[in-house]
């Protein structure tokens, strides 16, 4: 397996459910990111991790909880979501946090909240 | 506050002609600019980038132009091919971090 992988690819959940999204990168990168892409809107940065430490939280509601156990894995734990949270959630990684470091994206998880 | 804007949601060109995708930004601290391409059901893939010390970068059929004074960049694809049909995102970041800001994307359709 190479690159950045995400599971599941599709997820449908009710507002009272708890689920987790998983991201894994096989590129030896040190920085990992979660993005949200809603229909016809720009990608919105949610969280940034560098060497397993969270360096940025872009005012994301607490119903989204990230976890980074090591530099290769990143999780997004979801609980009591709202229908407006339905979107494509993209994970990315980059060698470092230096400006201009190319970010490599996974295929995304298409989330639908009923 | 949308710091990176792609004002054309869609663009249609004929195969073999030039495609020009435009992007404007507002933050003068941005030093790096990237273009990503996204096919349906896939994540964005890196296409080409440029740093603020240059005004042009070329890679095969793809050329990115940067006009810092106008805070404008563009991606030229020539000749365009049907396989280039995708959504193209412009992105920018500052030198001291990789907090990348994306535009909303332009859907390019190249007709055979």
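Observations, loosely collected:
- Selection of the stretch B:83-92 for residues being at pLDDT 95 or above and either farther than 20 Å from residue A:88 by Cα or part of a loop (DSSP other than H, G, I, E, B) (or both) yields B:83, B:84, B:85.
- Per-region count, the stretch A:63-114, residues within 14 Å of another protein chain (Cβ to nearest Cβ) and in a loop (DSSP other than H, G, I, E, B): 12
- Among the residues of the stretch B:93-111, the ones that are in a loop (DSSP other than H, G, I, E, B) and farther than 15 Å from residue A:56 by Cα come to 4 in all.
- Boolean, residue B:82 is in contact (Cβ under 8 Å) with a residue 60 or more places away in the chain, surrounded by fewer than 13 Cβ atoms within 10 Å (Cβ to Cβ), in contact with a helix residue (DSSP H, G or I) (Cβ under 8 Å, 6 or more places away or on another chain) and more than 21 Å from residue A:43 (Cα to Cα): no
- Residue within the stretch B:10-31 that is crowded, with 20+ Cβ neighbours inside 10 Å, more than 15 Å from the chain's Cα centre (by Cα) and assigned to a loop (DSSP other than H, G, I, E, B) present: no
Table: residues versus (1) more than 14 Å from chain B (Cβ to nearest Cβ); (2) closer than 20 Å to residue B:41 by Cβ; (3) surrounded by fewer than 16 Cβ atoms within 10 Å (Cβ to Cβ).
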| residue | (1), (2), (3) |
| --- | --- |
| A:11 | yes, yes, no |
| A:14 | yes, no, yes |
| A:25 | no, yes, no |
| A:37 | no, yes, no |
| A:42 | no, yes, no |
| A:47 | no, no, no |
| A:50 | no, no, no |
| A:57 | no, no, yes |
| A:61 | yes, no, yes |
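- Flag not set for residue B:7, criterion: over 15 Å from residue A:42 (Cα atoms) and either in contact with a strand residue (DSSP E or B) (Cβ under 9 Å, 6 or more places away or on another chain) or part of a strand (DSSP E or B) (or both).
- Among the residues of the stretch B:98-112, those identified as at the interface with chain A (Cβ under 10 Å from one of its Cβ atoms) and either surrounded by 18 or more Cβ atoms within 10 Å (Cβ to Cβ) or touching a helix residue (DSSP H, G or I) at 6+ places or on another chain (Cβ under 7 Å) (or both) are B:98, B:100, B:101, B:102, B:103, B:104, B:105.
The values are calculated or read from the model by the stated rules, or taken from the named source; none is laboratory data. None of these values were measured; they are calculated from a predicted model. Virtual Cβ from ideal backbone geometry, glycine too; neighbours counted across all protein chains shown.
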